[in-house]
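Okay, structure first, notes after.
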Amino acid sequence: MHIMSDHYVKVKVQLEQLKSTGEVEEADTAEEQVPKETPPASLSPLPVALEVRRDASKNPGTARNRSKSRTKLGNYDKSPNTKQDAPVSSHLDNVPSLQVKGTGKVLQEKAEANGNVVTSQPQKDIKSALSKEDANKIVKKRRPVTVDTSKAKTSLEALKLSIRQLKWKEFPTGRRAACDIYWHGVSFHDNENIVSGQVNKFPGMVEMLRKINLSRAVRTMQELFPEEYNFYPRSWILPEEYQIFATQIRLARDSDSSSPRQTFIVKPDSGSQGDGIYLIREPSDLRSMSTGAMGGSGAVRQAVVQEYIQRPLLIDKLKFDVRLYVLVRSLDPLEIYVAKEGLSRFCTEPYQEPSTKNLHRVFMHLTNYSLNVQSGNFVHSDSRNTGSKRTFTSVLGRLAAKGADVKRVWSDIIALVIKTVIALVPELKVFYQADIPPGKPGPTCFQILGFDILLMKNLKPVLLEVNSNPSMRIEHEQEVSPGVFEYVPSPVDEEVKVGVIRDTLRLMDPLRKQHTTGAEQEDILMEEGSVEKAGPEDHALPSLCLKQVFPKYTKQFNYLRMVDRIATIFLRFLGVKGTMRMGPTGFRTFIRNCKLSNTSFSMASVDILYIDITRRWAGMLPDSREAGMTLQAFVESFFYLAGRRFKSLPLREQVLSLLEQCEAALEGQGQDDKPRPLRAPPINPAQTNSPAPARRNHGYRLHQTLRPSAKANPEH
């Protein structure tokens with residue numbers, strides 16, 4: 001007994017010394033004390049690469065304190081369930097398990113007859129574990145990620161299922177404390193009081209993906225890169241471009257009277273689920289067009305009229321489109337992921353070439369699910385290969401069986417997705433900065449988009465539209481008995497949509513970001529055909545169904561980001577944080593700092609250019625109440641300035657040359673130490689009625705006409 005007492009004193013002194021250096025910390029519930037009966041000193045302390053497994057989530061308050069001492073060599077934790085002065089025998093029935101960091105192996109301790117504790121792992125295995133680079137790092141069981149689903153709306157069931165699969169924690173009615181992820185159903189502004197975490201919507205995405213704004217964004221890119229952006233049908237914006245539309249149709253028919261009459265599809269600007277879509281063959285067939293554009297005085301619903309795709313690919317004699325899910329994980333740097341599986345949505349009447357007699361047959365011409373589900377011919381199927389809604393891979397399988405180059409189809413679709421997102425990003429950055437200015441507390445954003453793509457008979461993909469709030473329902477309404485409707489599961493929807501939501505959450509996991517470096521994370525996420533390696537909970541999950549396409553293919557597409565570079569200049573000279581429009585002083589400062597004024601282009605001409613373009617764009621954006629120059633108007637003025645300075649070059653080279661000149665002039669000028677702009681002189685209102693120098697050239701009026709090719713462009 002005397003010997004044991006001496007040993008007790010010796011070990012207690014050892015522990016006190018370790019505590020004084022920070023290598024051992026207090027237990028969660030009480031001060032750790034040495035048991036009355038202790039193993040020989042040769043087994044204490046424990047090996048440096050070993051630790052007692054603990055559940056940090058049970059006591060989050062002390063978890064933060066423990067993390068400070070865990071960064072040192074030789075750290076180990078005692079079990080939080082150990083009682084004070086408990087005899088050794090009380091531990092033998094519940095011996096703590098020790099994990100070797102970096103090996104995934106668990107060593108189970110056991111007691112010999114003499115009370116000594118030994119490990120069942122051979123010593124050589126422990127030495128090999130200690131040789132690993134991360135042997136001195138401590139594995140800490142991660143707390144569950146918290147998700148606020150109070151605003152999720154239609155995606156709720158698929159989201160709940162995804163959270164359960166990930167073993168995360170859901171807050172269906174919200175939470176006072178901040179959550180890691182907020183899942184909104186419609187827009188970023190579903191909840192205005194979020195200052196941290198991650199939100200599944202970008203500010204401005206709803207506005208940018210309306211039919212008119214999407215058409216304008218793609219049209220700007222078509223001006224610069226007509227061949228690269230030929231996947232979007234020719235479009236006209238109504239009512240402002242009605243006269244242009246009518247004139248171009250008349251001229252086309254006069255030049256080739258033998259060609260069949262073309263068909264057009266009219267889409268309301270803010271419509272969804274097929275609402276208000278109809279087909280026409282004559283401009284006079286447009287509905288509710290009795291306004292100033294046509295000499296009338298009625299209200300007009302803004303819309304886009306597009307060329308109707310005449311030769312679609314048919315399967316089972318039916319027209320169909322593809323709903324593909326795309327994750328925009330970040331705007332800066334730009335990160336895009338494409339789902340490996342999508343939905344093919346079929347019409348419910350056999351296809352016929354459009355004619356005056358069948359234009360009204362929406363079940364033949366329109367692929368919208370919300371329309372065709374109302375047809376008596378709609379087939380709900382549990383099979384991924386049959387029915388009115390099938391998986392995209394099942395369609396590709398049928399095409400491959402007929403000898404089609406399926407890899408080429410996928411490649412073309414991925415290129416379409418990347419190019420479309422590149423067209424949207426510049427203005428999305430302006431929206432983002434307006435809601436979350438630099439330096440202001442706020443969440444980060446990500447978003448799942450629904451791309452609707454039509455395959456032509458030659459397998460070329462055509463972009464129909466992009467949905468900011470694609471339906472994530474995994475059930476459908478079905479009449480189970482006469483007059484009785486119930487929601488029943490849809491196996492095809494569940495297969496596709498749950499995987500998209502679950503793997504989006506995995507990619508946005510904030511705790512994984514904290515514990516892996518950027519390079520390590522990318523290696524984990526991009527490893528094809530394997531499960532992510534972030535934790536034991538992921539081993540039960542399938543491999544990611546989302547494939548990164550950008551920045552993976554940056555080299556192939558980065559040259560298209562010219563408008564993005566113009567937007568960076570625009571944001572620099574906005575001035576007031578939170579605004580989306582540039583004032584006249586900001587525009588003058590841009591001209592001066594980039595050294596764009598000279599004797600032939602005075603600052604008075606700059607003011608006239610600003611007023612001319614800004615007023616015209618204000619007329620095209622009737623719902624806007626904010627004054628100033630939008631990004632779209634700034635891009636147009638930039639194109640005009642480029643054409644004025646580099647007249648002998650094609651438009652793309654003009655813009656690129658001006659970009660390089662501006663970026664060189666601004667290099668070295670900090671964001672916060674820009675030269676103080678001189679006060680703009682008052683502008684004579686009479687000057688604004690005289691034609692600006694730009695008017696004589698018409699080079700900056702890019703959005704007034706839509707030209708099929710640069711060759712037919714009379715303005716350049």
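The values are calculated or read from the model by the stated rules, or taken from the named source; none is laboratory data. Predicted model only: the values in this text are computed from it and were never measured. All Cβ positions, even for glycine, are placed from backbone atoms using ideal geometry, and neighbour counts span all protein chains on display. Note: areas computed on protein heavy atoms with side chains; ligands, DNA, RNA excluded. Shrake-Rupley method; radii C 1.70, N 1.55, O 1.52, S 1.80 Å.
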Residue list for region 446-503, restricted to those being over 21 Å from the mean Cα position of the chain (by Cα) and crowded, with 20+ Cβ neighbours inside 10 Å
Leu455, Pro461, Ile474, Ser490, Val492
Picking from Ala400, Ala434, Ala423, Ala415, the residue that is over 13 Å from the mean Cα position of the chain (by Cα), touching a residue at least 40 places away in the same chain (Cβ under 8 Å) and farther than 23 Å from Asn558 by Cβ would be Ala434
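One line per residue, one yes/no per condition, for (1) of a type in the set (D, E, K, R); (2) at pLDDT 90 or above; (3) more than 20 Å from Lys160 (Cβ to Cβ):
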{"residue": "Val466", "(1), (2), (3)": "no, yes, yes"}
{"residue": "Glu479", "(1), (2), (3)": "yes, no, yes"}
{"residue": "Phe485", "(1), (2), (3)": "no, no, yes"}
{"residue": "Ser490", "(1), (2), (3)": "no, no, no"}
{"residue": "Val500", "(1), (2), (3)": "no, yes, no"}
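For residues that are part of a helix (DSSP H, G or I) and in contact (Cβ under 8 Å) with a residue 40 or more places away in the chain, scanning just region 232-247, find the one that is least open to solvent (accessible area, probe 1.4 Å). I'd like the intermediate steps shown before the answer.
Taking region 232-247 first, the residues part of a helix (DSSP H, G or I) are 242-247.
Still in the list and also in contact (Cβ under 8 Å) with a residue 40 or more places away in the chain: 242-245.
Values: Tyr242: 23, Gln243: 100, Ile244: 42, Phe245: 0 Å².
Only one residue fits best here, namely Phe245.
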Taking the residues in region 301-341 that are open to solvent by less than 10 Å² (accessible area, probe 1.4 Å) and hydroxyl-bearing (Ser, Thr, Tyr) as candidates, determine which candidate is nearest to Leu396 (Cα to Cα).
Tyr325
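Could you grab me the full set of residues in region 386-405 that are in a loop (DSSP other than H, G, I, E, B), within 14 Å of Leu318 (Cβ to Cβ) and open to solvent by 20 Å² or more (accessible area, probe 1.4 Å)?
Step one: of region 386-405, the residues in a loop (DSSP other than H, G, I, E, B) are 386-388, 402-405.
After this cut, where a residue has to be within 14 Å of Leu318 (Cβ to Cβ) as well, the list is 386-388.
Answer for region 386-405, where residues must be in a loop (DSSP other than H, G, I, E, B), within 14 Å of Leu318 (Cβ to Cβ) and open to solvent by 20 Å² or more (accessible area, probe 1.4 Å): just Thr386.
Against the definition (modelled with pLDDT of 70 or more and more than 19 Å from the chain's Cα centre (by Cα)), how does Lys167 come out, yes or no? Working first, answer last.
Numbers: modelled with pLDDT of 70 or more: yes; more than 19 Å from the chain's Cα centre (by Cα): yes.
Judged against the criteria, Lys167 is a match.
Give the residues of region 342-360 that are charged (D, E, K, R), under 27 Å from Ser383 (Cβ atoms) and surrounded by fewer than 19 Cβ atoms within 10 Å (Cβ to Cβ), sorted by residue number.
First pass over region 342-360, keeping only residues charged (D, E, K, R): 345, 349, 353, 357.
Checking the rest, the ones that are also under 27 Å from Ser383 (Cβ atoms) come to 345, 349.
Once the filter is applied, which keeps residues that are charged (D, E, K, R), under 27 Å from Ser383 (Cβ atoms) and surrounded by fewer than 19 Cβ atoms within 10 Å (Cβ to Cβ), region 342-360 yields only Glu349.
Is one or more of the residues making up region 191-209 in contact with a His (Cβ under 8 Å, 6 or more places away or on another chain) and surrounded by fewer than 18 Cβ atoms within 10 Å (Cβ to Cβ)? First the steps, then the outcome.
Of region 191-209, the ones in contact with a His (Cβ under 8 Å, 6 or more places away or on another chain) are 191, 199-201, 203.
The next check asks that each one be surrounded by fewer than 18 Cβ atoms within 10 Å (Cβ to Cβ); those that pass are 191.
Yes, region 191-209 contains at least one residue that is in contact with a His (Cβ under 8 Å, 6 or more places away or on another chain) and surrounded by fewer than 18 Cβ atoms within 10 Å (Cβ to Cβ).
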Does region 326-341 include one or more residues that are in a strand (DSSP E or B), modelled with pLDDT of 95 or more and within 29 Å of Glu353 (Cα to Cα)?
no
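In this structure, does Glu223 turn out to be in a helix (DSSP H, G or I), acidic (Asp, Glu) and surrounded by 21 or more Cβ atoms within 10 Å (Cβ to Cβ)? Reasoning before the result, please.
Numbers: in a helix (DSSP H, G or I): yes; acidic (Asp, Glu): yes; surrounded by 21 or more Cβ atoms within 10 Å (Cβ to Cβ): yes.
Yes; evaluated as a whole, the condition is true for this residue.
Just to be sure, is Arg408 in contact (Cβ under 8 Å) with a residue 24 or more places away in the chain, of a type in the set (Lys, Arg) and not in a helix (DSSP H, G or I)?
On the way: in contact (Cβ under 8 Å) with a residue 24 or more places away in the chain: yes; of a type in the set (Lys, Arg): yes; not in a helix (DSSP H, G or I): no.
Answer is no for this residue.
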May I ask you to list the residues in region 546-582 that are in a strand (DSSP E or B) and of a type outside the set (Lys, Arg)?
Leu546, Gln548, Val549, Phe550, Met582
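The rows are residues; the columns are (1) under 26 Å from the mean Cα position of the chain (by Cα); (2) surrounded by fewer than 17 Cβ atoms within 10 Å (Cβ to Cβ); (3) at pLDDT 95 or above.
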| position | (1), (2), (3) |
| --- | --- |
| Tyr559 | yes, yes, yes |
| Leu574 | yes, no, no |
| Arg581 | yes, no, no |
| Thr599 | no, yes, no |
| Thr614 | no, no, no |
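Does Ser215 satisfy being open to solvent by less than 20 Å² (accessible area, probe 1.4 Å) and either on the phi > 0 side of the Ramachandran plot or not aliphatic (A, V, I, L, M) (or both)?
Numbers: open to solvent by less than 20 Å² (accessible area, probe 1.4 Å): yes; either on the phi > 0 side of the Ramachandran plot or not aliphatic (A, V, I, L, M) (or both): yes.
Against the criterion (open to solvent by less than 20 Å² (accessible area, probe 1.4 Å) and either on the phi > 0 side of the Ramachandran plot or not aliphatic (A, V, I, L, M) (or both)), Ser215 qualifies.
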Return the residues of region 361-371 that are among the polar types (S, T, N, Q) and either surrounded by fewer than 23 Cβ atoms within 10 Å (Cβ to Cβ) or part of a strand (DSSP E or B) (or both); say none if nothing qualifies.
Asn368, Ser370
